[in-house]
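Here's the structure we're looking at; comments come further down.
The values are calculated or read from the model by the stated rules, or taken from the named source; none is laboratory data. Predicted model, so just to flag it, every value in this text is computed and none were measured. Neighbour counts run over all protein chains shown; Cβ positions are idealised from the backbone, glycine included. Ligands, DNA and RNA are excluded from the accessible area calculation, which covers all protein heavy atoms including side chains. Shrake-Rupley method; radii C 1.70, N 1.55, O 1.52, S 1.80 Å.
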Amino acid sequence: MNHRRIAHNIVARLPTKIENVSMSYLNKAIGQYTKSQYDFAEIKRIIIKDYIKQDSNNKTFKNYNKKEEN
């Protein structure tokens with residue numbers, strides 16, 4: 001099974017940008033392609049590593065509000 005090709009197909013068929021997709025929706029999308037736990041974990045790892053941009057400042061809404069409160 002070519003995990004990288006399947007990961008690319010999943011990301012290409014998402015209705016919005018990958019940054020706006022929740023993990024539960026992503027899990028459902030991956031689950032439609034595979035039933036094996038190993039394949040599921042490998043595809044999810046590839047999507048997170050290659051497609052979801054990890055911000056170095058960790059800018060999330062929760063962290064943004066905490067900085068303003070101080």
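Near A12, once Lys and Arg are set to +1 and Asp and Glu to -1 for all other residues with Cβ below 13 Å from its Cβ, the sum equals +3. Note on E19: accessible area is roughly 100 Å² with a 1.4 Å probe, heavy atoms of protein only.
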